[in-house]
Every structure is written in C-alpha cells, then in structure tokens.
Amino acid sequence: MRKLAGTGVPNVFLVDGFVEHGEGGISYRDLDGLYVALADAIASRVTTLTPAELRFMRKRLKWTQERLGSLGGKSGQVAAMWEKGTRSVPVAEGKMLRLSWMARRSKRRVAAAVLAMEIGDTHVEPCAYVLRHVDGEGWREDITAAQAMANAEATAHAEEAIANAMNGAALHYTHETAPITIVGAVQVIAADVAPHQKLFT
C-alpha cells in the first residue's frame with residue numbers, strides 16, 4: 001500500500017494502480033479517474049469535511065472560493081478561511097458541496113446521500129481513503145480496507161490508554177460526548193470505537 005501525495009488530502013492510500021520508478025518517481029494509472037474516485041469517496045462520507053477535503057472537492061468541481069462561500073451567503077474570503085482551517089468548515093456548506101458533486105456524477109445516489117446525511121454525525125474525524133484500480137472498471141474505493149485502517153487506529157488508541165492506565169499514568173481523552181479520565185485503572189468505553197463505525201454511508 002502506498003500513500004498518495006499531491007492531492008492535499010493527507011490520508012489517501014493506494015492498494016495498486018501505480019508504478020514506482022527509480023529515484024522516487026511514480027506514475028499512476030488514469031490519474032484523472034483516481035481523483036474522481038477520491039472525490040466520490042469524500043462525498044460518500046457523513047463526517048464533517050476537513051479543510052483539505054473541502055479544498056479538494058471545490059477544485060474538482062472547478063468552483064472559485066467565491067462560489068463556495070456563496071453556498072451559505074458568505075464571501076470568498078470566508079471560504080478561504082475554511083480551506084486554511086482558521087475557521088471551522090460549516091456542516092451545511094459541506095453537505096451542499098457533497099450533494100453538488102453527487103448530482104454531477106450520479107443523480108441516483110443523491111437521495112440515498114441525503115438520508116445518510118440526515119442521520120450522520122457532525123464530528124470531524126480524520127479518516128483514511130483506500131483506493132484500488134480494478135481492470136476494466138477503473139479506480140474504486142476499498143471500503144473494507146479503509147474500515148480496517150479505522151479499526152486498527154481505534155484499537156491502537158485503546159491499547160495506549162490501557163497501557164498508560166496499567167502504568168499508573170493519568171490519561172485524559174476527550175470524546176465529543178464524554179470526557180474520559182483514566183487514572184491507574186482500566187476503563188473500557190464503547191464511545192472509543194463507535195465513531196469509526198460511522199464514517200461510511
């Protein structure tokens with residue numbers, strides 16, 4: 001598996017569809033198709049868009065920051081702040097951007113996406129995007145691999161908390177619904193794993 005650079009979105013991994021050349025060079029099969037598949041994957045999530053995801057989606061739609069800001073009656077300068085991370089990405093604007101992408105790609109997916117967004121959560125959770133190239137079909141998201149990465153990350157966080165608790169170290173972990181302090185005892189809370197199960201529609 002190889003981490004994809006150059007998109008601005010940090011957690012993008014490729015299972016295949018690339019060739020490594022000497023001295024750090026790399027080439028990809030159907031680069032435009034790869035970017036479309038990544039945009040599809042971002043649009044299918046129900047979590048709040050990160051600044052990097054917002055910028056990537058805006059560029060794929062070929063929108064200006066002015067147009068992005070106008071989704072919520074804001075200016076292009078405000079949209080620039082969303083993309084830089086100096087202001088939080090609003091949930092509503094992120095959802096409208098996702099729906100705009102889906103409407104261009106597959107109108108059949110829009111209704112399902114609206115329903116998923118209605119019940120989805122609004123926390124910002126960095127998540128991995130795992131893509132693979134399938135002969136005859138092009139680039140596709142590998143949901144199973146992405147879920148496995150999310151579960152491995154959740155397990156690593158839980159193991160770290162348990163190790164710190166066993167060593168007597170205090171660990172304070174804040175979750176959207178419950179701040180948790182562990183001091184010298186093992187405490188397992190379902191909230192540690194639940195957010196990772198909500199990343200996919």
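Read-outs: derived from the displayed coordinates by stated rules, not from any lab. Being a predicted model, the structure only gives us computed values, none of them experimental. As a convention, Cβ positions derive from the backbone with ideal geometry for all residues, glycine included, and neighbour counts pool all protein chains shown.
Neighbour counts of other Cβ atoms within 10 Å put SER44, SER106, SER27 in the fewest-to-most order SER27, SER106, SER44. Charge tally around GLY76: other residues with Cβ under 10 Å, Lys/Arg +1 each, Asp/Glu -1 each, net +1. Cβ under 14 Å from GLY17's Cβ, GLY17 left aside: what net charge do those residues give with Lys, Arg +1 and Asp, Glu -1? After counting each charged neighbour, the total is -3. Between LEU131, VAL9, VAL46, the Cα set farthest toward the positive side of the dipole of the stretch 2-141 (charges on each charged residue's Cβ, about the Cα centre) is that of VAL46.
Using packing as a proxy for protection, rank 11-23, 48-60 so that the peptide with the highest average count of other Cβ atoms within 10 Å comes first.
Packing order, densest peptide first, comes out as 48-60, 11-23.
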